[in-house]
Amino acid sequence: MDYDQFFTRALEALKSERRYRVFADLERVVGDFPRAIRHTAAGAQPVILWCSNDYLGMGHHPDVVDAMANTARRMGAGAGGTRNISGNHHPIVELEQVLATNHGKQAALAMNSGYIANWAGISTIAKLLPDCLILSDAGNHNSMIEGVRAAGRERVIFRHNDLVHLEELLARAGRDRPKLIVFESVYSMDGDVGPLHGICDLAKRYQAMTYCDEVHAVGLYGSHGAGYAEEIGAMGRIDVIQGTLGKAYGAHGGYLAGSASLIDAVRSHAPGFIFSTAMPPGVAAAALASVRHLASSQDERRLHRLAVGRTKAALASRGLPMLANETHIVPVMVGDSALCKAASDRLLETHGIYIQPINYPTVARGTERLRITPTPFHDEALIAHLADALDEVWSHFGLDRAGTAAAAE
């Protein structure tokens, strides 16, 4: 049997739907962010990055880079195995202590990615709660959806940010049944925010646990960079906070923060943690340096918000169809997968701007977009260049400034 034919057909289906993804070969250079080098068959070409989740450029911060390099030289490149076999290396112990303190929780547990933290965290917590009902926001990230599925518990989906629907489902379940509400603070594609206080009010009323994904908020919001929940004074009301170290903190990994008993239970029961090689010491040290820096420095967040505001204003002045929100994510709507890819390609080839197209299944069909993420390092000249380039691309393809794309060529 020719097994490759099945894989080939699957790829052909993606290509026919204009959803096949091509990854640019990029070389980021410390000290030159957001500029980078794109490697092509024709040679190296300069590009400007406009869609990085290294929101504050902390992956290039001297303290972060030095912490990684110096720790690797001192302790080696790898962790030596799972923590169950090799034990805890000291940088990861320090990292977990700082994360717990930053979120006002008793304990934290670092894992190899935010995806794993969500998948392992949600599934393990729900499994340990007898007859648990999981209530999941319809807009939740795939990692949360897979965690809910892996739990093997009854689950219901409430309409995105709809507190009335959530209360209907909670009331139907009753106060005495264990319940876990899973939601996000900042939603990564639309850039909208969850009604955290409203969810916590309902959780208290119906005796439910709360689990909040803060991956697109940690480092960026709150007086200590602890996230959107800190920004609005809701952090102490949430039972479990999940975050990432690979976005605004500029390193790698994910984590959970909560009560000591909950974190210990996940550590002791979650296969995704137990059987995974630990985060390398250098990576943990880099993340620790970044978390510590952003817990005390306000400069990065101040400059970031300034750049976001300038970018939104510049694009609005050109009549570009942005999805309105109050956060740092700037979705520019296209509404067609082929045109979204074509717009991305033209930005790269003609203007030297890298913005990856966002198509289905990351977003719903008909809501395809370019997702722009300004950083403190995108100055006024780069913002003007972006606005000019998008203006030219929209005119070239005849894209509707009101938000609906013209028919694909």
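The values are calculated or read from the model by the stated rules, or taken from the named source; none is laboratory data. Bear in mind the structure is a predicted one, so any value in this text is a computation, not a measurement. Methodologically, a virtual Cβ is constructed for each residue, glycine included, from the backbone with ideal geometry; neighbour enumeration extends over all protein chains shown. Only protein heavy atoms, including side chains, enter the accessible area calculation; ligands, DNA and RNA are left aside. Shrake-Rupley method; radii C 1.70, N 1.55, O 1.52, S 1.80 Å.
What pairs can you find where one residue is in the stretch 192-212 and among the hydroxyl-bearing types (Ser, Thr, Tyr), the other is open to solvent by 30 Å² or more (accessible area, probe 1.4 Å) and part of a helix (DSSP H, G or I), and their Cβ atoms are less than 6 Å apart, with a gap of 6+ or different chains?
Here the result reads none, with nothing in the stretch 192-212 linked to a residue that is open to solvent by 30 Å² or more (accessible area, probe 1.4 Å) and part of a helix (DSSP H, G or I).
Search the stretch 273-287 for residues being open to solvent by less than 10 Å² (accessible area, probe 1.4 Å) and outside any loop (DSSP other than H, G, I, E, B), and hand back the single one that is nearest to Met111 (Cα to Cα).
Here the residue is Ala284.
Which count do you get for residues in the stretch 206-250 that are of a type in the set (A, V, I, L, M) and not in a loop (DSSP other than H, G, I, E, B)?
Looking only at that region, the number is 5.
Could you figure out which of (1) open to solvent by less than 20 Å² (accessible area, probe 1.4 Å); (2) more than 25 Å from Asn325 (Cα to Cα) isn't true of Ser185?
Ser185 satisfies all of (1) open to solvent by less than 20 Å² (accessible area, probe 1.4 Å); (2) more than 25 Å from Asn325 (Cα to Cα) except (2).
Of everything in the stretch 351-370, what is within 16 Å of Ala24 (Cα to Cα) and not hydrophobic (A, V, I, L, M, F, W, C)? Give them in sequence order.
His351, Gly352, Tyr354, Gln356, Pro357
May I ask you to verify whether Asp239 is at pLDDT 95 or above, open to solvent by 40 Å² or more (accessible area, probe 1.4 Å) and touching a Gly at 6+ places or on another chain (Cβ under 8 Å)?
Judged against the criteria, Asp239 is a match.
Find all pairs meeting these conditions: Cβ atoms under 6 angstrom apart; at least six residues apart or on different chains; first residue within the stretch 23-46 and closer than 16 Å to His378 by Cβ; second residue among the basic types (Lys, Arg) and surrounded by 10 or more Cβ atoms within 10 Å (Cβ to Cβ).
Ala36/Arg28
Show me the helices (runs of 4 or more DSSP H) entirely contained within the stretch 1-107 in which 2 or more residues are in contact with a strand residue (DSSP E or B) (Cβ under 9 Å, 6 or more places away or on another chain), within 30 Å of Thr311 (Cα to Cα) and open to solvent by 40 Å² or more (accessible area, probe 1.4 Å).
none
Conditions (1) open to solvent by less than 60 Å² (accessible area, probe 1.4 Å); (2) closer than 20 Å to Ala217 by Cβ, marked per residue:
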site: Ala117; (1), (2): yes, yes
site: Thr124; (1), (2): yes, no
site: Ile134; (1), (2): yes, no
site: His141; (1), (2): no, yes
site: Val156; (1), (2): yes, no
site: Val164; (1), (2): no, no
site: Leu169; (1), (2): yes, no
site: Arg172; (1), (2): no, no
site: Asp176; (1), (2): no, no
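How many residues does the stretch 212-234 contain that are crowded, with 24+ Cβ neighbours inside 10 Å, within 18 Å of Glu96 (Cβ to Cβ) and not charged (D, E, K, R)?
Here the count works out to 6.
What are the residues in the stretch 288-312 that are over 22 Å from Thr101 (Cβ atoms), touching a helix residue (DSSP H, G or I) at 6+ places or on another chain (Cβ under 9 Å) and open to solvent by 20 Å² or more (accessible area, probe 1.4 Å), if any? Steps first, please.
Within the stretch 288-312, the first condition is being over 22 Å from Thr101 (Cβ atoms), and the residues that meet it are 302-312.
Add one more test, that the residue is touching a helix residue (DSSP H, G or I) at 6+ places or on another chain (Cβ under 9 Å), and what stays is 307, 310-311.
Hit for the stretch 288-312 is Arg310, nothing else.
Based on what the data block shows, is Glu146 in contact with a Phe, Trp or Tyr (Cβ under 6 Å, 6 or more places away or on another chain) and either open to solvent by 10 Å² or more (accessible area, probe 1.4 Å) or not β-branched (Val, Ile, Thr) (or both)?
Spelling it out, Glu146 is indeed in contact with a Phe, Trp or Tyr (Cβ under 6 Å, 6 or more places away or on another chain) and either open to solvent by 10 Å² or more (accessible area, probe 1.4 Å) or not β-branched (Val, Ile, Thr) (or both).
Determine if the stretch 143-152 includes at least one residue that is assigned to a helix (DSSP H, G or I), polar (S, T, N, Q) and either at positive phi or touching a residue at least 24 places away in the same chain (Cβ under 8 Å) (or both).
yes
Please tell me if Leu315 is more than 17 Å from Arg18 (Cβ to Cβ), under 23 Å from the mean Cα position of the chain (by Cα) and not in a loop (DSSP other than H, G, I, E, B). Step through it out loud before you land on a result.
Details: more than 17 Å from Arg18 (Cβ to Cβ): yes; under 23 Å from the mean Cα position of the chain (by Cα): no; not in a loop (DSSP other than H, G, I, E, B): yes.
Against the criterion (more than 17 Å from Arg18 (Cβ to Cβ), under 23 Å from the mean Cα position of the chain (by Cα) and not in a loop (DSSP other than H, G, I, E, B)), Leu315 does not qualify.
Which of the residues spanning the stretch 319-349 are among the acidic types (Asp, Glu), surrounded by fewer than 19 Cβ atoms within 10 Å (Cβ to Cβ) and either modelled with pLDDT under 95 or assigned to a helix (DSSP H, G or I) (or both)?
Asp345, Glu349
Yes or no: Leu306 more than 22 Å from the chain's Cα centre (by Cα), at pLDDT 95 or above and part of a helix (DSSP H, G or I)?
Here the answer is no, as Leu306 does not meet what is asked.
Inside the stretch 253-272, can you point out the residues that are out of contact with any Leu (no Cβ under 9 Å at 6 or more places or on another chain) and surrounded by 21 or more Cβ atoms within 10 Å (Cβ to Cβ)?
Of everything in the stretch 253-272, just one residue is out of contact with any Leu (no Cβ under 9 Å at 6 or more places or on another chain) and surrounded by 21 or more Cβ atoms within 10 Å (Cβ to Cβ), namely Gly272.
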